[in-house]
Amino acid sequence: MIQELPDRKEVTMSSREKELTAITSVQNPKIKQVIKLRRRPHRDELGLLLVEGYRELRRALHNGWRPVRLFFCPEMFRGGNEPALVTECARAGAELIRCTEKVFNKIAYRDRPEGLLALGPQIHLSLADLKLRGTPLLLVTQSIEKPGNLGTMLRSADAAGAHGVIVCDRTTDINNPNVVRASIGALFALPVVEADSDETIQWLCSRGIRIISASPHASDPYYAVDMTGPTALVVGSEQYGLDRRWMDSADYQVLIPMRGQCDSLNVAAAATVLLFEAARQRFCRGTGA
């Protein structure tokens, strides 16, 4: 489980925020713009991503992300801490835009919106931005198709204490709002790098980082391989798995033994199993960060 951030003292909304006139029409240009941001080309053109929800926005702010605009609806808040987050966004430089429930429901991604949706800069990191420390543990993904799977893997990587995630040959936009939502803000909590496979393999090998590739066709069970040294755990798409480059470059090929009738796990579940085995080994042997 991801460790929750410490609760903030409940703070009431400032008089300035209370006095903001709520937008009541979905035809408002700012509302129409945020609706367009559901489409990746429009997000990329403006260099923006969407962060919706209290926990996600709180974690993003805690890790230095700065929103440029916050849409909020006090009538939809779930508790007493949201006003403090609105104030924090304002202090970080965000333009505050109050909405009616009808309007906020139009821009929200969630089935049960919490009345908070922020716009801010996209995440774009390269391998050069990945600063390793201690004994690195990295998760590498190749051609992951579903935003929910990628977001879940980011959440697991953060929870297991990984030092970063490398997204190779991407088919899913890491700035997709569903990645942010599935990661519960973990996208902002650890470095998430984009690179192609050839570049990443060379980068890992040049730094002495052991490549452990997961495949249902491997012979070694995952728990029989030493993950206490510098390690990159590599998982591929559910449909095609890892390509030959990753299998040929692997120091070890491992599988997760299946005891029931199913012959494989969801890729996010498989990555979580591998990550926490690495965390277990490192804890038991006193290695890691």
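Using r as the Cβ-Cβ distance of Thr100 and Thr171, and R0 as 25 Å, what FRET efficiency do you calculate, to the nearest 0.05? Please report the intermediate quantities before stating the final value.
Values: r = 37 Å, r/R0 = 1.49.
Once the sixth-power term is evaluated, E becomes 0.10.
Please list 134-147, 202-215, 30-43, 54-67 highest first by mean number of surrounding beta-carbon atoms within 10 Å per residue. Write down the numbers at each step before the final one.
Values: 134-147: 21.9, 202-215: 17.7, 30-43: 14.7, 54-67: 19.3.
Packing order, densest peptide first, comes out as 134-147, 54-67, 202-215, 30-43.
Ranked highest first by average number of other Cβ atoms within 10 Å, how do 114-120, 247-253, 125-131 line up?
Values: 114-120: 24.1, 247-253: 16.9, 125-131: 13.1.
In decreasing order of mean packing, 114-120, 247-253, 125-131 become 114-120, 247-253, 125-131.
Report, by chain and number, residues whose modeled amide H sits under 5 Å from the one on Thr100, excluding near sequence neighbours (fewer than 5 apart, same chain).
Those qualifying (amide H under 5 Å, at least 5 residues apart or on another chain) are Ile23.
Given contacts defined as C-alpha pairs under 8 Å and at least six residues apart, what's the relative contact order of the chain, whole-number percent? Walk me through the intermediate numbers first.
Numbers: 544 pairs, mean separation 54.1, N = 289.
Relative contact order for the chain comes out at 19 percent.
Could you list the residues of the range 257-278 with an amide nitrogen less than 16 Å from a label point located 7 Å from the Cα of Thr287 in the Cα-to-C-beta direction?
Label zone hits: 275-278.
Based on the Cβ-Cβ distance from Asp248 to His42, what FRET efficiency comes out when R0 is 51 Å, to the nearest 0.05? Can you show the working numbers first?
Details: r = 39 Å, r/R0 = 0.77.
The computed FRET efficiency comes out at 0.80.
Between Ala224 and Arg112, what is the label-to-label distance in nm when each label sits 7 Å out along the Cα-to-Cβ direction?
The two pseudo-label positions are separated by 4.5 nm.
Between Ala92 and Lys30, what is the label-to-label distance in nm when each label sits 7 Å out along the Cα-to-Cβ direction?
Each label point is offset 7 Å from its Cα along the Cβ direction, giving 1.7 nm.
Values in this text are rule-based calculations from the coordinates and carry no lab data. No experiment lies behind these values; they were computed from the predicted model shown. When we count neighbours, we look across all protein chains shown, and the Cβ atoms used for this are built from the backbone with ideal geometry, even at glycine.
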